[in-house]
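Each remark here refers to the structure printed beneath this line.
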Amino acid sequence: MAEAPFESVGKAFVNHYYATFDSNRANLANLYQDQSMFTWEGEKIMGAANIVTKLTTLPFQQCAHQVTSIDCQPTSGEGVLVFVCGNLKVEGESADRPPLKYSQSFVLMPLPGGGGDWG
C-alpha cells in the first residue's frame with residue numbers, strides 16, 4: 001500500500017528539520033512564518049526571527065538527533081500534525097552517558113497561495 005501524501009510530507013519535513021538543526025540552526029528560518037509559535041520548556045516564542053534567535057542561542061552548539069518514531073496525521077486546512085520521538089546527544093557529554101530522550105510536535109500548514117495540496 002502506498003504511503004499517504006501527508007505521511008510523506010511529514011517524514012520529509014522531519015528529516016530535513018533535524019539534519020538542518022544538527023548542522024546549522026540558523027538555516028531553519030525559512031521553515032517558520034511570522035505567525036509561527038515555538039515552545040521551549042514552557043517558554044512561548046512567536047515569529048520566525050525570534051524562533052531562530054532562540055534556536056541559535058541554546059546552551060549547546062553541537063548535537064545529534066536520532067529519530068526513533070514519526071507519527072503523522074492530516075488536519076483541517078490541508079495541514080499535517082507530526083509527532084516525533086527520539087534520542088539527542090549533546091556536545092560535551094561523556095561518551096558513556098546515555099542520550100537524552102525527546103519528543104517534539106509540529107503543525108505543518110501550506111503557505112497561502114502556494115498550492116497547498118499534499119497530493
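For the range 41-106, chymotrypsin sites (Phe, Trp or Tyr not before Pro) are listed when DSSP marks them as loop and at most 14 other Cβ atoms sit within 10 Å of their Cβ; the list is F60.
Give a quick list of GluC sites (Glu not before Pro) in the range 39-92 that DSSP marks as loop, anything other than H, G, I, E or B, with at most 10 other Cβ atoms within 10 Å.
On the way: sites: E41, E43, E78, E91; in loops: E41, E91.
Passing sites in the range 39-92 are E41, E91.
Loop-located trypsin sites (Lys or Arg not before Pro) across the range 25-119 with a Cβ neighbour count of 16 or fewer within 10 Å are lacking, with loop assigned by DSSP.
Hydrodynamic analysis of the chain uses the Kirkwood radius over alpha carbon pairs. Inserted into Stokes-Einstein at 37 °C and 0.692 mPa s, it gives a translational diffusion coefficient of 212 µm²/s.
Rounding to the nearest 20 debye, state how big the charge dipole of the chain is about its Cα centre with +1 on each Lys and Arg Cβ and -1 on each Asp and Glu Cβ.
Dipole magnitude for the chain comes out near 220 debye.
Bridging of K11 to aspartates and glutamates at a Cα separation below 20 Å is possible for E3, D22, D71, E78, D117, once same-chain residues fewer than 8 apart are set aside.
Under the definition of Cα pairs under 8 Å and six or more residues apart, what whole-number percent is the relative contact order of the range 20-111?
Numbers: 138 pairs, mean separation 18.7, N = 92.
Here the relative contact order equals 20 percent.
Mind jotting down a quarter of the surface of the convex hull over the alpha carbons of the range 55-119, in square nanometres, one decimal?
Values: hull surface 24.4 nm².
With the hull built on Cα positions only, its mean projection is 6.1 nm².
Per residue, the solvent-accessible area of the range 1-88 (1.4 Å probe, heavy atoms of protein chains only, all protein chains present) comes to 57 Å².
The values are calculated or read from the model by the stated rules, or taken from the named source; none is laboratory data. Here the structure is a predicted model, which is why all the values come from computation and not from measurement. When we count neighbours, we look across all protein chains shown, and the Cβ atoms used for this are built from the backbone with ideal geometry, even at glycine. Heads up: the accessible areas ignore ligands, DNA and RNA and are worked out on the full protein's heavy atoms, side chains in. Shrake-Rupley method; radii C 1.70, N 1.55, O 1.52, S 1.80 Å.
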